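J.: If you scroll down you'll find the structure; I have some questions about it.
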Amino acid sequence: MAHLREPEESRMSQAAPVAGDNPESPDRPSLLVTPEWEDYALVDSGEGWKLERFGPVLLKRPEPQALWHAGAPERWSDADAVFQPDEGEEKGGWEMADDIASRWTMAYRGVRFHAELTSFRHTGVFPEQAVHWDWCDSLIKGADRPVKVLNLFGYTGLASLLAARAGAEVTHIDASRKAVGWARENQALSGLDDKPIRWICEDAVKFVEREVRRGNSYDGIILDPPKYGRGPKNEVWRFFESTPRLLAGLSQLLSDDALFLVMTAYAIRMSCLSIRHALVPVVRGRGGWLDYGEMVTRESAAGRLLPQAIYARWQA
């Protein structure tokens with residue numbers, strides 16, 4: 001009887017950049033596995049749900065990709081809060097135990113931040129993004145020179161804070177005033193008020209096109225565009241319609257000696273190959289390495305890998 005073989009994980013973390021005019025790319029997607037950290041764990045998943053520990057709080061949230069049976073069903077009754085979605089909608093509400101606060105503090109590698117139960121089932125942190133935080137950290141520190149980073153759709157600022165702590169000058173863009181305010185709170189909570197971060201509430205496409213007209217450039221760009229969104233002046237973002245226009249601008253914003261570009265996508269009906277192909281023209285002529293694949297998290301209970309997002313990322 002044949003045995004199932006575990007997929008190869010995090011191959012990019014072991015691959016050296018390849019020289020040349022155009023970026024080299026692996027012949028198959030990679031899996032980037034969420035690093036272990038004290039304040040987060042995927043405890044179990046199954047039957048369309050996932051059970052996660054965010055700091056001291058155990059949460060049960062919908063997860064359509066969890067088609068299998070739960071590995072540790074006895075743990076699920078311990079959940080401190082359960083997200084109940086509205087029918088056919090991502091929005092909904094939380095059923096919480098009486099002694100659970102709706103907001104608490106977490107940390108990753110010394111950066112502290114607020115987690116919160118929101119009406120969109122999110123908590124203000126996407127733990128699987130830690131694979132990119134660590135990657136950017138190593139590239140910024142290894143540059144041994146001033147580095148300017150642009151973080152688009154920056155949400156609550158964790159990527160911005162970790163990049164700034166690594167030594168970068170960061171421009172953080174998000175269309176939500178609440179998210180930008182939350183990010184500023186996280187900066188103060190982490191004791192990083194002295195770090196050079198510009199917090200800007202603006203439509204991402206408008207900002208990028210204005211920066212191009214001004215002749216500005218960045219050594220690293222991070223973007224995590226949503227499926228749908230609205231800007232502060234009611235600008236409409238639709239992933240499939242808006243992304244090509246945004247990427248066209250980014251190709252002109254990368255500096256001559258740029259270090260990296262990373263893009264992730266959630267809840268989008270597309271392949272990681274699509275993001276890979278979309279980034280090729282942006283970094284054409286720069287050499288380096290263009291990796292692509294899925295971001296996954298390993299369960300504590302059964303050791304299965306739960307898909308979280310798709311990504312593509314380039315490094316010089």
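J.: For R304, enumerate residues with amide H under 5 Å from its amide H, sequence gap 5+ or separate chain, H modeled in the peptide plane.
T.: E299
J.: I would also like to ask the following. Checking the a/c ratio against 1.5 first, then a/b against b/c, what shape does the Cα gyration tensor give for segment 181-267?
T.: oblate
J.: Answer with one residue from H114, A312, W237: the one whose Cα lies farthest towards the positive end of the charge dipole of the chain, charges on Cβ with Lys, Arg +1 and Asp, Glu -1.
T.: With unit charges placed on the Cβ atoms, the residue in question is W237.
J.: Express in Å², to the nearest 10, the accessible area of V147 obtained by rolling a 1.4 Å probe over the protein heavy atoms while all chains stay in place.
T.: Counting only protein heavy atoms, V147 exposes about 10 Å² to solvent.
J.: Another question, if that's okay. Run the numbers on the chain and let me know its relative contact order in percent, using alpha-carbon pairs under 8 Å that are six or more apart.
T.: Computed over the chain, the figure is 20 percent.
J.: Would you mind giving the three semi-axes, in whole Å and largest first, of the ellipsoid equivalent to the chain according to its Cα gyration tensor?
T.: 31, 24, 19
J.: Still on this structure: For S30, enumerate residues with amide H under 5 Å from its amide H, sequence gap 5+ or separate chain, H modeled in the peptide plane.
T.: Y292, G293, E294
J.: Between D193 and W68, what length in nm is gained on full extension when 0.36 nm per residue of separation is reduced by their alpha carbon distance?
T.: Here the answer is 40.5 nm.
J.: Now for a different question. For a quick check, take a GNM of the chain with Cα springs below 10 Å and name the residue from E209, E241, E294 with the largest mean-square fluctuation.
T.: E241
J.: Further question: From the protein chains alone at 1.4 Å, what is the descending order of accessible area for H69, H114, largest first?
T.: Accessible-area ranking of H69, H114, largest first: H69, H114.
J.: Moving on to the next point. Using θ = phi - 60° and the Karplus relation 6.51 cos²θ - 1.76 cosθ + 1.60, list the HN-Hα couplings for segment 257-265 in order, rounded to whole Hz, with x at every Gly or Pro.
T.: Ordered by residue, 3J(HN,Hα) equals 10, 4, 9, 7, 8, 9, 10, 10, 8 Hz.
J.: For the chain, set up a Gaussian network in which alpha carbons nearer than 10 Å are linked by springs, and say which option among E169, E74, E128 fluctuates the most.
T.: E74
J.: Could I ask something else about it? What distance in nm lies between label points placed 7 Å from Cα along the C-beta direction at D144 and S251?
T.: 3.3 nm
J.: Okay, moving on. Suppose every K and R has +1 on its Cβ and every D and E has -1 on its Cβ; what is the size of the dipole of the chain about the Cα centre, in Debye to the nearest 20?
T.: So the magnitude is around 1020 debye.
J.: Continuing with the same structure: Placing unit charges on C-beta atoms (Lys and Arg positive, Asp and Glu negative, everything else neutral), compute the dipole magnitude of segment 209-310 about its Cα centre in debye, rounded to 20.
T.: Using only the charged Cβ atoms, the result is roughly 380 debye.
J.: Sticking with this one: Quick check: net charge around P146, other residues with Cβ under 12 Å of its Cβ, Lys/Arg +1 and Asp/Glu -1?
T.: The answer is -2.
J.: Can you work out the Karplus-derived ³J(HN,Hα) for every residue in segment 123-134? Use 6.51 cos²θ - 1.76 cosθ + 1.60 with θ = phi - 60°, whole Hz, and x for glycine or proline.
T.: For segment 123-134, the Karplus-derived couplings read 10, x, 9, 10, x, 5, 5, 4, 4, 7, 4, 5 Hz, x marking Gly and Pro.
J.: Determine ³J(HN,Hα), in whole Hz, for all residues of segment 227-234 in sequence, where each value follows from phi through the Karplus function 6.51 cos²θ - 1.76 cosθ + 1.60 and θ = phi - 60°; x replaces Gly and Pro.
T.: Karplus values, whole Hz, x for Gly and Pro: 5, 8, x, 10, x, x, 10, 6.
J.: Round to the nearest 10 and report in Å² the accessible area of E47, as given by a 1.4 Å probe over the protein chains' heavy atoms.
T.: Its accessible surface works out to 100 Å², give or take rounding.
J.: With every protein chain in place, what's the accessible area of S251 (1.4 Å probe, Å², nearest 10)?
T.: 40 Å²
J.: Okay, moving on. Based on C-alpha coordinates, I'd like the Rg and Dmax of segment 247-316, in Å.
T.: According to the Cα coordinates of segment 247-316, Rg and Dmax are 14.3, 47 Å.
J.: Can you give the local net charge around S300? Use residues other than it whose beta-carbon is closer than 11 angstrom to its beta-carbon, Lys and Arg +1, Asp and Glu -1.
T.: So the environment of S300 carries a net charge of 0.
J.: Could you work out how far the C-alpha centroid of segment 242-311 sits from that of segment 24-68, in angstrom?
T.: Each part's Cα centre sits 19 Å from the other's.
J.: Further question: Could you please put D134, D257 in sequence from largest to smallest accessible area, using a 1.4 Å probe?
T.: Reading off the accessible areas and sorting them downward yields D257, D134.
J.: Here is a follow-up. So with the 1.4 Å probe, I'd like the accessible area per residue for the chain, rounded to whole Å².
T.: With the other protein chains kept in place, the chain gives 47 Å² per residue.
J.: Summing +1 for each Lys or Arg and -1 for each Asp or Glu, what net charge is found among the other residues whose Cβ lies under 11 Å from the Cβ of Y311?
T.: Residues close to Y311 contribute a combined charge of -2.
J.: Given axes a ≥ b ≥ c from the Cα gyration tensor, I'd like to know whether segment 111-241 is rounded (a/c under 1.5), prolate (a/b larger than b/c) or oblate.
T.: oblate
J.: Filter K60/K91; K91/K206; K141/K195; K148/K178; K60/K178 down to the pairs with a C-alpha to C-alpha distance above 18 Å, please.
T.: In this structure, K91/K206; K148/K178; K60/K178 lie more than 18 Å apart at Cα.
The values are calculated or read from the model by the stated rules, or taken from the named source; none is laboratory data. Computed from a prediction, not measured in an experiment: that's the story for all the values here. In this analysis, Cβ positions are derived from the backbone assuming ideal geometry, glycine residues included, and neighbour counts consider all displayed protein chains. Just so you know, the surface numbers come from the protein's heavy atoms only, side chains and all, with ligands and any DNA or RNA stripped out. Shrake-Rupley method; radii C 1.70, N 1.55, O 1.52, S 1.80 Å.
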